[in-house]
Amino acid sequence: MVNVITEIIINCPKMQVADYAANPDHAPIWYDNIDSSDWRTPKPLQLGSQIAFKAKFLGKELAYIYEIVEFVPGEKLTMKTAQGPFPMETTYTWTAINTNTTKMTLQNKGEPKGFSKLFSPVMATMMKKANEKDLKKIKGILEKE
């Protein structure tokens, strides 16, 4: 099992951070590895919503569909995919430190299958680095707004 948790403090109100991060249309902007997001179900985001993502990770092109399995606006968002060699669950949580400061937590966990199992420790390290970079990017975007 791979379980990577990354956190960052963003100097913006919690709802501003949550609204931006929870919008799949923004994912290609703040995630370096995500090239596109495409809604498979009607907007707005809700339980059961499905979004197709195209991404690159460790030199491979990936295409997968995330389904929203938990959504508490402004608090928590969990997306899950069962596809491919590395089924993944991604969770965002947002905690107000004060009215203008938010702690955002990004958690990725999954169970690699087949050949990918051998690379679990490397994948966890690479995911942690990528998540730290992505959280720094969203922080920069939101603190400029």
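The values are calculated or read from the model by the stated rules, or taken from the named source; none is laboratory data. Predicted model, so just to flag it, every value in this text is computed and none were measured. Here the Cβ is made from the backbone with ideal geometry for all residues, glycine too, and neighbour counts use every protein chain on show.
Every residue, every condition in (1) under 15 Å from M79 (Cα atoms); (2) out of contact with any Gly (no Cβ under 6 Å at 6 or more places or on another chain); (3) hydroxyl-bearing (S, T, Y), yes or no:
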residue: P13; (1), (2), (3): no, yes, no
residue: S37; (1), (2), (3): yes, yes, yes
residue: R40; (1), (2), (3): yes, yes, no
residue: K43; (1), (2), (3): no, yes, no
residue: Q46; (1), (2), (3): yes, yes, no
**Asked** Looking at (1) touching a residue at least 40 places away in the same chain (Cβ under 8 Å); (2) surrounded by 16 or more Cβ atoms within 10 Å (Cβ to Cβ); (3) aromatic (F, W, Y), which is the only condition F53 fails?
**Response** (1)
**Request:** Run down E70, E89, E75 and say which single residue is within 12 Å of the chain's Cα centre (by Cα), on the phi < 0 side of the Ramachandran plot, modelled with pLDDT of 95 or more and among the acidic types (D, E).
**Result:** E89
**Request:** Evaluate the range 87-101: report whether one residue or more is of a type in the set (D, E, K, R) and crowded, with 17+ Cβ neighbours inside 10 Å.
**Result:** yes
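Please enumerate the residues belonging to the range 33-49 that are in contact with a Lys or Arg (Cβ under 9 Å, 6 or more places away or on another chain) and farther than 15 Å from A22 by Cβ.
Of everything in the range 33-49, those that are in contact with a Lys or Arg (Cβ under 9 Å, 6 or more places away or on another chain) and farther than 15 Å from A22 by Cβ turn out to be N33, D35, S36, D38.
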**Asked** Across the range 1-51, what is the total count of residues that are of a type in the set (S, T, Y) and assigned to a helix (DSSP H, G or I)?
**Response** 1
**Residue list for the range 37-63, restricted to those being modelled with pLDDT of 90 or more, within 20 Å of K109 (Cβ to Cβ) and among the aromatic types (F, W, Y)** = F53
